[in-house]
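Some notes on the structure that comes next.
Taken together, the values in this text are just the output of simple stated rules run on the coordinates, not laboratory data. None of these values were measured; they are calculated from a predicted model. Note that each Cβ is placed from the backbone with ideal geometry, even for glycine, and that neighbours are counted across all protein chains shown.
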Amino acid sequence: MCGIVGAVAQRNIVPVLIEGLRRLEYRGYDSCGVAVLAGGEPHRARSVARVADLDEQVRETHLEGVTGIAHTRWATHGAPVTNNAHPIFSRNALALVHNGIIENYESLRETLRGKGYEFVSQTDTEVIAHLIHSLYRGDLFAAVREAVQQLHGAYAIAVEHKDQPNTVVGARQGSPLVVGLGEGENFLASDALALAGSTERFIFLEEGDVCELTLERVRVADRDGNDVQREVRTVAAYGGAVELGPYRHFMQKEIFEQPRAISDTIPQADSFDASLFGDAAAKAFGEIDNLLILACGTSYYSGLTAKYWLESIAKIPTQVEIASEYRYRDSVPNPKSLVVVISQSGETADTLAALKHAQSLGHKHTLSVCNVGTSAMVRLTELSFLTHAGREIGVASTKAFTTQLVALFVLAATLGKLRGHVDASLEADYVRQLRHLPAALNSVLALEPQIIAWSEDFSRKENALFLGRGLHYPIALEGALKLKEISYIHAEAYPAGELKHGPLALVTEAMPVVTVAPNDALLEKLKSNMQEVRARGGELYVFADSDTRIVSEEGLHVIRMPEHYGLLSPILHVVPLQLLAYHTACSRGTDVDKPRNLAKSVTVE
Ligand code: F6R
């Protein structure tokens, strides 16, 4: 999704800005641009191709400057054309980049038109540029502070003005923005990752903050206009660009990294202790009697899986809700709820807003399960559990999902123990099963050649149905999501028992039906559902545990999973579905790591 980089320095800053954009590329974008102050006015280059094209342009045109801002845009208002690409100018005096959405842009545009401002793009961003310009009286920091009072919606902005050649001003509300501190130079970015190589010292701006960067100084004001000192944090872990190694795509690499990611996420200790979730967890866990899980997309499906664990292991009532729904509906807050937000990035706009909404309703116990320790979500919650998936570059989430599942299983076991449902022997059993997971996953990954063979069939289909029951219904949902988002094949998932209540009407020989078939208590029921499909000529593709006695025959294809893994089985069963989606997408020739219309970190609602 959109990315921002900005800098004030005493050297040509364009290579730093371009490198920053490169580091944000994996998030998905459809245009990009850079603007510097030089010779008393802003100059820019913009491209609807890749950052590499922008780089070529700036080299050819010798675009250079010591103060600059840059952007990758993921179109919301206005098509991805050069005219809508950022930086957006106001009267050739001011340049601005923006992440987020301004909800009252139409009324602001009318007011600004009345003041003689001409609009040349279809973006909501252009109103911010003109608004700040209209308020500028020689102090950009003051003009931005005044302007943001009039903005409704979410934004992170970086702005520069020709009359202040060594100043960049930033502001954030609802979208992330960090300041990077250098020696005689300072930086701004939507993600600290963009500034790896330039600095390791960061200020993570708070909601409503406005900042002013000059060569020697960074000034931050809070939403009330008071100057504030924000904590400076050292983040050394960002390192260089992630290498693809022997893999064809990042998604494939990340699927194969899962044994390592899971092993890094499993707690070292031999017991499930509340302290794994933070110092305040023991007290908080003692005060709750239910869970409310909020998340989006794949992270929502990990929450759905966790519900089964939490209710069966910890016997604690659990509700799971899509964040974008929860934030806008009337709900009945329960002070005894633990609100759990699940997110790979920790910056997803809907999940963040749902968390804040829950807090505004009086929920005081909150926990984030997140892959980014410095993210807004982790900073906002009382408790946290970090997954250690490492950076996930592919837009389609894979290792983030399985590590979330590990974290949520640990949560269920910890609450189960605290509530007297997990005794010492069961605890030791769970620890042993967790520790064996990486090895079990390696055996599942070895199924890749068989899955490649199936993917040839799938690549010629336009629809697919996924079935699962119980704990594995969310895994079927995740399998369908993976297939549709990267191969563009329409896929839907159903709890297998629902088949006869409608979707069976879709089943013909043209409809592949992927079935997740673990050897659990629901197996015989699932087999009956499979019969219903076969009787209508539907072709079944079944991932069956080795001891299920489901054998291949006409219209029934079976890949045998190495072992049945009890309650942790969803973590194994999702992997062949990831591989099926991946290889089907490869056969169809789609852009696997950057599927059309999608972005990695969804920082707008
Ligand atoms: C799908 C996918 C998305 C994300 C969703 C939430 O493969 O990656 O559905 O899961 O956008 O993102 P996070 O987990 O960063 O909050």
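For the Cα atoms of the chain, what angle does the longest principal axis make with the long axis of helix 569-588, in degrees from 0 to 90, nearest 10?
Approximately 60 degrees, to the nearest 10.
Which shape class applies to the range 448-588: rounded if a/c is under 1.5, otherwise prolate when a/b exceeds b/c and oblate if not, where a ≥ b ≥ c are the square roots of the Cα gyration tensor eigenvalues? Mind showing how you got there, number by number?
Values: a/c = 1.39, a/b = 1.11, b/c = 1.25.
Here the range 448-588 falls in the rounded category.
For n ≥ 4 DSSP H runs only, could you compute -39500 (n - 2.57) per run for the chain, divide by its residues and tell me the 222 nm figure to the nearest 500? Before the final figure, lay out each step's value.
On the way: 18 runs with 211 residues, N = 605.
So the calculated ellipticity at 222 nm is -11000 deg cm²/dmol.
Among Ala142, Cys32, Ala171, whose Cα lies farthest out toward the positive end of the dipole of the range 3-234, if unit charges sit on the beta carbon of Lys, Arg (+1) and Asp, Glu (-1)?
Sorting the options by dipole projection puts first Cys32.
Lys pairs in the range 448-588, Cα-Cα under 25 Å, at least 8 apart or on separate chains: how many?
Qualifying lysine pairs in the range 448-588: 9.
Excluding Ala38 itself, calculate the net charge of residues whose Cβ lies under 10 Å from the Cβ of Ala38, where each Lys or Arg counts +1 and each Asp or Glu counts -1.
In short, -1.
Measure nothing fancy, just the Cα-based angle from helix 105-114's long axis to the longest principal axis of the chain, in degrees from 0 to 90, nearest 10.
Approximately 20 degrees, to the nearest 10.
Could you derive backbone 3J(HN,Hα) for the range 89-104 from the dihedral phi with the Karplus parameters 6.51, -1.76 and 1.60 (θ = phi - 60°), listing whole Hz in sequence and x where the residue is Gly or Pro?
Per residue, the Karplus-derived 3J(HN,Hα) values read 9, 10, 6, 6, 10, 10, 10, 9, 10, 8, 10, x, 9, 9, 6, 9 Hz.
Label point 7 Å out from Val332 along Cα-to-Cβ: which residues of the range 283-302 have amide N under 19 Å?
It comes to 288-293, nothing else.
Mind jotting down a quarter of the surface of the convex hull over the alpha carbons of the range 385-538, in square nanometres, one decimal?
Mean orientational projected area (the range 385-538, Cα hull): 11.2 nm².
What spacing in nm lies between the two simple spin-label points modelled at Asn104 and Asp279, each 7 Å away from Cα in the Cβ direction?
With each label point 7 Å from Cα toward Cβ, the separation is 4.1 nm.
Could you compute the FRET efficiency for His77 and Asp53, with r as their C-beta to C-beta distance and R0 at 25 Å, rounded to 0.05?
It comes to 0.60.
On a C-alpha basis, how far is the centre of the range 512-587 from the centre of the range 406-480 in Å? Whole number, if you could?
With the range 512-587 and the range 406-480 each reduced to a Cα centre, they are spaced 13 Å.
Give, as a single signed number, the net charge of other residues whose beta carbon lies under 15 Å from the beta carbon of Val8, with Lys and Arg counted +1 and Asp and Glu -1.
Around Val8, the surrounding residues sum to -3.
So if I take the centroid of the Cα atoms in the range 131-170 and the same for the range 384-398, what is the distance between those two points in Å?
35
Using 0.36 nm times the number of residues separating Glu41 and Arg91, minus their current alpha carbon distance, what extension gain do you get?
The span from Glu41 to Arg91 would gain 17.0 nm if fully extended.
Would you kindly give the portion of the calculated P(r) for the chain that falls above 35 Å, as a percent of all Cα pairs?
43
Under 5 Å between amide H atoms, partner at least 5 residues away or on a different chain: which partners does Val604 have, H built in plane at 1.01 Å?
Ala349
Just check the range 3-234 against the gyration tensor rule for me: Cα atoms, a ≥ b ≥ c as the square roots of the eigenvalues, rounded for a/c under 1.5, and otherwise prolate or oblate depending on whether a/b exceeds b/c.
Cα axes put the range 3-234 in the rounded bin.
Suppose every Lys and Arg Cβ carries +1 and every Asp and Glu Cβ carries -1, with no other charges. What dipole size does the range 250-440 come out with about its Cα centre, to the nearest 20 debye?
Dipole about the Cα centre, nearest 20: 100 debye.
Based on the Cβ-Cβ distance from Ser443 to Arg219, what FRET efficiency comes out when R0 is 51 Å, to the nearest 0.05?
Plugging the Cβ-Cβ distance into 1/(1 + (r/R0)^6) gives 0.35.
From the backbone phi of the range 403-408, what are the Karplus-calculated ³J(HN,Hα) couplings (6.51 cos²θ - 1.76 cosθ + 1.60, θ = phi - 60°) in whole Hz, Gly and Pro given as x?
In residue order, the calculated couplings are 6, 4, 4, 4, 4, 6 Hz.
Mind counting lysine pairs for me in the range 250-440? Cα separation below 26 Å, and the two need to be 8 or more apart along the chain or on different chains.
So the count works out to 21.
What is the extension gain from Arg137 to Ser546, computed as 0.36 nm multiplied by their sequence separation minus the C-alpha to C-alpha distance, in nm to one decimal?
139.9 nm
Out of Ala158, Ala407, Ile293, whose Cα points farthest toward the positive end of the dipole of the chain (charges: +1 Lys, Arg; -1 Asp, Glu; placed on Cβ)?
Ile293
To the nearest 10 degrees, how steep is helix 473-487 against the longest Cα principal axis of the chain, on a 0 to 90 scale?
50
Please work out the C-alpha center-to-center distance from the range 296-355 to the range 31-75 and express it in whole Å.
Cα centroid to Cα centroid, the span is 41 Å.
Taking K and R as +1 and D and E as -1, what net charge do the other residues with C-beta under 14 Å from the C-beta of Pro87 add up to?
+2
So what is the relative contact order of the range 448-588, in percent, for Cα pairs below 8 Å that sit 6 or more residues apart?
31
Rounded to the nearest 20 Debye, what is the dipole magnitude of the range 215-346 about its Cα centre when Lys and Arg each give +1 and Asp and Glu each give -1 at the C-beta?
Dipole of the range 215-346, to the nearest 20 debye: 240 debye.
Apply the a/c threshold of 1.5 to the C-alpha gyration tensor of the range 250-440 and tell me whether it is rounded, prolate or oblate.
oblate
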